[in-house]
Each structure stands twice: as structure tokens, then as C-alpha cells.
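Bear in mind these aren't lab numbers, they're just calculated from the coordinates by the rules spelled out. In this text the structure is predicted, and so the values were computed from the model without any measurement. Cβ atoms come from the backbone with ideal geometry, glycine included; neighbour counts cover every protein chain shown.
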Amino acid sequence: MFINYYRYNKKMNKNFFWIIVIAIIAIVILVSIVLMSNKEICDYDNPNKLYQARSSETCGFTDFLCKPGETYFSDECGCGCEIVR
């Protein structure tokens, strides 16, 4: 009786291990998909925005002046001058 119980628990532990591994992999995949779908797509070809730096990290180190009729802007894609309408 004890031997059968031990074998049953050993088999259950293996199954439980693989269930946990598959669940962790599924969670990692789902989190990756959510994070990637929330990322803004940068449109550097927008004629109304003239990017001077293409990274928000480098905007603090970039010096530039906007022409009359343009205003400074900063977003997740970088910073530069935007045409005022």
C-alpha cells in the first residue's frame, strides 16, 4: 500500500512540475505581447514634426532652436520642433 502511494505521489509531482513550467511560459509570452502592443510606433516621417533627437534619453543633451512658427515638443520617440497650425 505504501509503495503504490509513493509511486502515485511521484507521478503527480512530475505532472505538477510540468504544469507549473507551462504556466510560467504562458505568462511570460502574454506579458511580452502586452508590453509590445503598448509600445508607440514612432512616425519620423511626419511632416509636422521635425525630430532633432530620436530618443527621449538624448533630448536632454541635444541643443537646438525652433524656427518662428514652430514649437518644441517631446514624446516617447524623441524631441524636436513641431509646426504650429
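Computed from backbone phi, the HN-Hα couplings of region 61-66 come to 9, 9, 9, 7, 10, 8 Hz, rounded to whole numbers (Karplus: 6.51 cos²θ - 1.76 cosθ + 1.60, θ = phi - 60°; Gly and Pro given as x).
Among 24-34, 75-85, the peptide with the highest mean count of other Cβ atoms within 10 Å heads the list, and the full ranking is 75-85, 24-34. Karplus-based coupling profile of region 74-79, in residue order and whole Hz: 8, 9, 5, 8, x, 8, with θ = phi - 60° in 6.51 cos²θ - 1.76 cosθ + 1.60 and x standing for Gly or Pro. Between VAL31 and PHE64, the modelled label-to-label distance comes to 3.6 nm, taking each label 7 Å out from Cα in the direction of the beta carbon. For GLN52, nonlocal amide neighbours, meaning residues 5 or more places apart or on other chains whose placed amide H falls under 5 Å from its own, are CYS79, GLY80, CYS81.
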